[in-house]
Amino acid sequence: MALKGDNVVVSSMHLEKLLSMKGGKGESSYANNSQAQAKHAMSMLHLLKESLDRVELISTPAEADNMIPFVVADLGCSCGSNTIYIIDVIIKHMIKRYEALGYQPPEFSAFFSDLPSNDFNTLFQLLPPLANYGGSMEECLAKDNHRSYFAAGVPGSFYRRLFPARSIDVFHSAFSLHWLSEVPESVLDKRSNAYNKGRVFIHGANESTANAYKKQFQTNLAVFLRSRSQEMKRGGSMFLVCLGRTSMDPTDQGGAGLLFGTHFQDAWDDLVQERLIASEKRDNFNIPVYAPSLQDFKEVVEADGSFAINKLEVFKGGSPLVVNRPDDMSEVGRALATSCRSVAGVLVDAHIGDKLSEELFLRVEHRGTSHAEELLEQLQFFHIVASLSFA
């Protein structure tokens, strides 16, 4: 089953070659529309540090030749500055832990990993220069606007192996695991009870559609955990954040449902009603996102058995919209459109082409402007936060 655009055909199998946040540094780019994610991440720093405190440390020999690097990997790093900030927080916290125990901090390596379609060029342009490692760790840390770690990019899906066995001390992944590896085939199959006719997201869909998405999410998460269990060092820790929901009903996708299942959905319906696209074109497009419940997530972790659950909770993250003037309805509408476009624009462009994509997001903006007050009151994200230790 394929999603057919004007000039591009995107099969579910090859979604990972296309899916990415909007690259570059333009108005609708992820780099310029990820302030909400930054705010949500900062509100969870205390939970991240609690997870880091569970990493088992070993005394490092003073001789540099015998040093074993401490390795951190951020999975689903995207192309903005948020990932760089988080890596910096992790490494500085671990250095403090080493020093508190009287150990000499080792050298640090950070891997930034995302799909091959990610805009790594923009990301690496944001990286501060490497501090001179000819001196001590203290001298490196004293250098303003320099990083105290070696950095590398690792393109590939985190739904498979990415690193050598027993090579990573800390895994971090935020706002990524709700993205599925593919839209379930049954959701795009007209002969299936799970066919999501008339919708571009599962919010408000039928039970069969929701169950297909749930099964895909749990299958993906199981593969993710199995891969990380092979790559993580003994005593390592993993901190995961993804969209979640408070309802037990999987067709109620909470904030994600309001983002993709209302005004975004209505904009697609507008294109159909105006005969700019056929209804089948709309029906063959589905956002590959699933916001799990706490139970959905817990079932997979416990079934895998490789990780001990230190913390697993639903955390209120707030609104994805960044608005300077909440009383300006047009700004709220633009914020909704750019938020949708920064995370789903690449998929929309591939499915209906650039020109129709522009028309679609203009309609999202107009609808958002008309419902500005409702959006500011109701559009709230909840996140699943998981701190796991390698058992």
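Would you confirm whether any residue within segment 151-167 is more than 23 Å from the chain's Cα centre (by Cα), surrounded by fewer than 19 Cβ atoms within 10 Å (Cβ to Cβ) and without any contact (Cβ under 8 Å) to a residue 12 or more places away in the chain?
No; the residues of segment 151-167 include none that is more than 23 Å from the chain's Cα centre (by Cα), surrounded by fewer than 19 Cβ atoms within 10 Å (Cβ to Cβ) and without any contact (Cβ under 8 Å) to a residue 12 or more places away in the chain.
With the requirement that a residue be surrounded by 18 or more Cβ atoms within 10 Å (Cβ to Cβ) and in a helix (DSSP H, G or I), what does segment 271-286 give you?
Leu271, Lys281, Arg282, Asp283
If I ask for residues that are in a helix (DSSP H, G or I), of a type outside the set (A, V, I, L, M, F, W, C) and crowded, with 23+ Cβ neighbours inside 10 Å, which ones from segment 350-384 would you list? So that I can check it myself, show each step before the final result.
Initially, segment 350-384 is screened for residues in a helix (DSSP H, G or I), giving 350-352, 354-370, 372-378.
Still in the list and also of a type outside the set (A, V, I, L, M, F, W, C): 351, 354-355, 357-359, 363, 365-370, 373-374, 377-378.
His351, Gly368, listed by residue number.
Going through segment 140-199 one residue at a time, which ones are of a type in the set (Ser, Thr, Tyr) and not in a strand (DSSP E or B)?
Matches in segment 140-199: Ser148, Tyr149, Ser157, Tyr159, Ser167, Ser176, Ser181, Ser186, Ser192, Tyr195.
Condition (residue is on the phi < 0 side of the Ramachandran plot, of a type in the set (A, V, I, L, M, F, W, C), modelled with pLDDT under 85 and open to solvent by 20 Å² or more (accessible area, probe 1.4 Å)) applied to segment 66-79: is it met by at least one residue?
Within segment 66-79, the first condition is being on the phi < 0 side of the Ramachandran plot, and the residues that meet it are 66-75, 77, 79.
Checking the rest, the ones that are also of a type in the set (A, V, I, L, M, F, W, C) come to 67-68, 70-73, 75, 77, 79.
If we keep only those that are modelled with pLDDT under 85 as well, we get 67, 79.
Applying the additional criterion that residues be open to solvent by 20 Å² or more (accessible area, probe 1.4 Å) yields 67.
Looking through segment 66-79, at least one residue is on the phi < 0 side of the Ramachandran plot, of a type in the set (A, V, I, L, M, F, W, C), modelled with pLDDT under 85 and open to solvent by 20 Å² or more (accessible area, probe 1.4 Å).
Taking segment 185-214, which residues are open to solvent by 50 Å² or more (accessible area, probe 1.4 Å) and closer than 18 Å to His351 by Cα?
Residues satisfying the conditions are Glu185, Lys197, Arg199.
Quickly run through segment 312-331 and pick out the residues that are of a type in the set (Ser, Thr, Tyr) and under 15 Å from Ile384 (Cα atoms).
Residues satisfying the conditions do not exist here.
Give segment 231-252 a look and list any residue that's modelled with pLDDT of 95 or more and out of contact with any strand residue (DSSP E or B) (no Cβ under 8 Å at 6 or more places or on another chain), or say none.
None; the set is empty.
Here is a list of conditions, (1) of a type outside the set (Phe, Trp, Tyr); (2) farther than 24 Å from Ser78 by Cβ; (3) open to solvent by 40 Å² or more (accessible area, probe 1.4 Å), and Ser389 meets all of them except one; can you say which number that is?
(3) is the only condition that Ser389 fails.
Restricting the search to segment 102-133, which residues are hydrophobic (A, V, I, L, M, F, W, C), assigned to a helix (DSSP H, G or I) and open to solvent by 50 Å² or more (accessible area, probe 1.4 Å)?
Within segment 102-133, Phe124, Leu126 qualify.
Of the residues Lys96, Lys92, only one is part of a helix (DSSP H, G or I), out of contact with any Asp or Glu (no Cβ under 8 Å at 6 or more places or on another chain), of a type in the set (Lys, Arg) and over 22 Å from Leu240 (Cβ atoms); which? Steps first, answer last, please.
Numbers: Lys92 fails: over 22 Å from Leu240 (Cβ atoms).
Only one candidate qualifies: Lys96.
Being touching a strand residue (DSSP E or B) at 6+ places or on another chain (Cβ under 9 Å) and not small (Gly, Ala, Ser) narrows it down to one residue among Val301, Val364; which is it?
Val301
Does Leu336 qualify as being buried (at least 18 other Cβ atoms within 10 Å of the Cβ) and assigned to a loop (DSSP other than H, G, I, E, B)? I'd like the intermediate steps shown before the answer.
On the way: buried (at least 18 other Cβ atoms within 10 Å of the Cβ): yes; assigned to a loop (DSSP other than H, G, I, E, B): no.
When the stated conditions are applied, Leu336 does not pass them.
Do we find that Thr209 is touching a Ser or Thr at 6+ places or on another chain (Cβ under 9 Å) and assigned to a loop (DSSP other than H, G, I, E, B) in this structure?
Details: touching a Ser or Thr at 6+ places or on another chain (Cβ under 9 Å): yes; assigned to a loop (DSSP other than H, G, I, E, B): no.
Judged against the criteria, Thr209 is not a match.
Regarding segment 304-324, can at least one residue be identified that is within 24 Å of Ser117 (Cβ to Cβ) and open to solvent by 10 Å² or more (accessible area, probe 1.4 Å)?
If we filter segment 304-324 for residues that are within 24 Å of Ser117 (Cβ to Cβ), which is where we start, we get 320.
Retained after the next criterion (residues that are open to solvent by 10 Å² or more (accessible area, probe 1.4 Å)): 320.
Checked against the condition, which is being within 24 Å of Ser117 (Cβ to Cβ) and open to solvent by 10 Å² or more (accessible area, probe 1.4 Å), segment 304-324 yields at least one hit.
The values are calculated or read from the model by the stated rules, or taken from the named source; none is laboratory data. As the structure is a prediction and not an experimental result, all values here were calculated from the model. In this analysis, Cβ positions are derived from the backbone assuming ideal geometry, glycine residues included, and neighbour counts consider all displayed protein chains. Note: areas computed on protein heavy atoms with side chains; ligands, DNA, RNA excluded. Shrake-Rupley method; radii C 1.70, N 1.55, O 1.52, S 1.80 Å.
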